[in-house]
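Chemist: Got a structure here, written out as structure tokens. Questions coming.
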Amino acid sequence: MMSLPEDDLTCPVCFDIFKDPVLLPCSHSFCRSCLKNCRAKGMRECPVCRKRGPKSNPPSNLALKNVCEALQRVTMQNSEQLEDEMNCDLHGEKFKLFCLIDKQPICVICQVSRMHKNHECLPTEEALLDCKNELALSLKSLQDKLQCLQRIQRNSADMLEYIKNQTLNTEKMIKSQFEQLHQVLYHEESARLAAVKKEEEEKIVAMKNKIKELSAEALSFTETIFVIQEQLKEDDIVLLKNFKTTQDRGKDMVLGVENMSGLLLDVSKHISNLKYRVWEKMLDHIDYTPVTLDPGTAHPNLILSDDLTSLHYSKQPTCCPDNPERFHTSAEVVGMTVLGSGSHHWVVETGNNHDWILGVASLSVPRNTEICARPENGFWTLCFRDGGLRAMTTPPTPLSVSNIPKQVKVQLDYNKGTVSFLDLVDNTLIYAFTQTFKEPLFPYFYTQSTQPLRIMPEEVLITRLRK
């Protein structure tokens, strides 16, 4: 049966569900009793459209009557079912109490039964308020969690896109650096091939000169042999008369080009340890920095160089994901290198930067809140701000120096527990912390200046170990 809105099944006179509905010629329906009452008051018109109706009794609207009776039956069944749900299944009594232990409504008989004996109970009216309040709190908590989850989903989508951009940029930088290395190799290859070609030309010229000398010498020997052969054909007296001259000419003939050494290409000069010697030469074109910056920890307002060796501050934040490793409230970044046992050092060129903090930070320092860069918080740092240099102790220690250092060397001896800061110009000590470290450290950098801080490259030394 097609369901109808309850308003369509309501009599426009008594505003109740139709009872024995009748149908007027104007197509409006009314309860038979309602229409009879209206006519008893002298009304012959339709109560809705005011059209005059017939004097005789109008016919019943059987279709509407069946629908209304079906609705009343359903309503009664629902009422009976609701009544059943409001009663205890075991005892048939109404639920008047709520068991706080079992978290369910009970009747007064249930309360004294073994199942709920000695259980704390409340009247259903009071329990309803408490349960509504508790559910409201649960709802608020779930809504907050849903909002948090939706925020994480948005961040995850942003991070996915960021990873794709990271990949493209990283591939581009790798290709660029390898292209530079390729150019160095191509140049070195061309230079070494040119050296081989040049030596070949020199050796060929030398060999041609040698062959020319040999040809001249062979001609001279040929001529002397011919003279001797002709003398042997002469008369005895003529031979004897020319003997001394002919003999002296033969004795004067010596091999002047017998030495053939040094004419071949010096292959070993070009090939011996070629890869190693090319690698040594490539070091002249390669920068090495003992510390590089970790872009995944950089505050959004910090701009890092492509080679991750310099940083400066920008008022316009970059688009980067809100990952937990990142510093969120202060313009900070740490290095990629985890500093554990042993000695470590790096040099930072401060240049014209007038707002910086340098040093080391513990692995566990919080990234989502702003704290002072002091030892009790896991920082051992040197600070330059407002024209003054100070060690970030508690309280900070002002430092008196003749010149503000332009190149600061940070030196860590983890085992000895010292962090030292030196002015690289004259290698004088600026300040040193002494501390027993209990966890790994990171190189630490902070700035709110648009002027860069740059980690200086170091010279690469090659040492060959003899076995």
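Chemist: Per 5 Å bin, what is the whole-percent P(r) computed from every C-alpha pair distance within segment 315-418?
Modeler: In whole percents, the pair-distance histogram is 2, 10, 19, 22, 21, 17, 7, 2, 0.
Chemist: Using each residue's phi in segment 33-50, evaluate 6.51 cos²θ - 1.76 cosθ + 1.60 at θ = phi - 60° and report the 3J(HN,Hα) Karplus result to the nearest Hz, with x for Gly and Pro.
Modeler: Karplus-based 3J(HN,Hα) across segment 33-50 equals 5, 5, 5, 5, 5, 4, 6, 5, 8, x, 8, 9, 7, 5, x, 9, 9, 6 Hz.
Chemist: Can you list the lysines whose alpha carbon sits under 17 Å from that of LYS212, skipping same-chain ones fewer than 8 residues off?
Modeler: Qualifying lysines at Cα under 17 Å: LYS203.
Chemist: Would you mind calculating the gained length between LYS233 and LYS208 on full extension (0.36 nm times residue separation, minus the Cα-Cα distance), in nm to one decimal? Mind showing how you got there, number by number?
Modeler: On the way: separation 25, 0.36 × 25 = 9.00 nm, distance 3.77 nm.
Answer, rounded to one decimal: 5.2 nm.
Chemist: To the nearest µm²/s, what D does Stokes-Einstein give for segment 100-168 at 25 °C and 0.890 mPa s, using the Kirkwood radius over alpha carbon pairs as Rh? Mind showing how you got there, number by number?
Modeler: Working: Rh = 16.0 Å.
Translational diffusion coefficient: 153 µm²/s.
Chemist: Same structure, new question: Would you kindly calculate the mean projected area, averaged across all directions, of the convex hull enclosing the Cα atoms of segment 20-62, in square nanometres? Walk me through the numbers before you get to the answer.
Modeler: Values: hull surface 10.4 nm².
Directional mean of the projected Cα hull area for segment 20-62 stands at 2.6 nm².
Chemist: Roughly how large, in nm² to one decimal, is the mean projection of the convex hull of the alpha-carbon atoms in segment 230-313?
Modeler: Values: hull surface 48.8 nm².
Across all orientations, segment 230-313 yields a mean hull projection of 12.2 nm².
Chemist: Using only alpha carbons, build the gyration tensor for the chain and give me the equivalent ellipsoid semi-axes, biggest first, whole Å. Before the final figure, lay out each step's value.
Modeler: Working: eigenvalues 2319, 361, 111 Å².
Values for the chain, descending: 108, 42, 24 Å.
Chemist: Step through the table entries LYS94/LYS140; LYS103/LYS132; LYS172/LYS275; LYS208/LYS275; LYS198/LYS269, compare each Cα-Cα distance with 23 Å, and write down the pairs that go over it. Please list the in-between numbers first.
Modeler: Numbers: LYS94/LYS140 32 Å; LYS103/LYS132 13 Å; LYS172/LYS275 27 Å; LYS208/LYS275 33 Å; LYS198/LYS269 13 Å.
Over 23 Å Cα-Cα: LYS94/LYS140; LYS172/LYS275; LYS208/LYS275.
Chemist: I need the calculated FRET efficiency for the pair CYS131 and ASN78, taking r as the beta carbon distance and R₀ as 22 Å, to the nearest 0.05.
Modeler: On the way: r = 24 Å, r/R0 = 1.08.
The computed FRET efficiency comes out at 0.40.
Chemist: Name the residues whose placed amide hydrogens come within less than 5 Å of the amide hydrogen of THR418, ignoring near sequence neighbours (fewer than 5 apart) on the same chain.
Modeler: Distant-sequence amide H within range of THR418: ASP413, GLN435.
Chemist: Report, by chain and number, residues whose modeled amide H sits under 5 Å from the one on CYS88, excluding near sequence neighbours (fewer than 5 apart, same chain).
Modeler: Amide H neighbours of CYS88: GLU93, LYS94, PHE95.
Chemist: Relative contact order for the chain: what is it in percent, counting Cα pairs under 8 Å that are at least 6 residues apart? Each step should come with its number before you reach the end.
Modeler: On the way: 593 pairs, mean separation 48.6, N = 467.
The value is 10 percent.
Chemist: Angle between the Cα long axis of helix 124-233 and the longest principal axis of the chain, 0 to 90 degrees, nearest 10?
Modeler: Orientation of helix 124-233: about 20 degrees from the principal axis.
Chemist: From the phi of every residue in segment 411-424, what ³J(HN,Hα) in whole Hz does the Karplus formula 6.51 cos²θ - 1.76 cosθ + 1.60 yield, where θ is phi - 60° and glycine or proline is x?
Modeler: 10, 10, 10, 5, 5, 7, x, 10, 10, 10, 10, 10, 7, 5
Chemist: What's the local net charge at ALA206, with K and R +1, D and E -1, over the other residues with C-beta under 12 Å away?
Modeler: On the way: positive: LYS203, LYS208, LYS210, LYS212; negative: GLU199, GLU200, GLU201, GLU202, GLU213.
Around ALA206, the surrounding residues sum to -1.
FYI, it's all coordinate maths here, none of it is from the lab. Note that the coordinates shown come from a computational prediction; the quantities given were computed from them, not determined experimentally. Here Cβ is always computed from backbone atoms with ideal geometry, including for glycine, and neighbour counts include all displayed protein chains.
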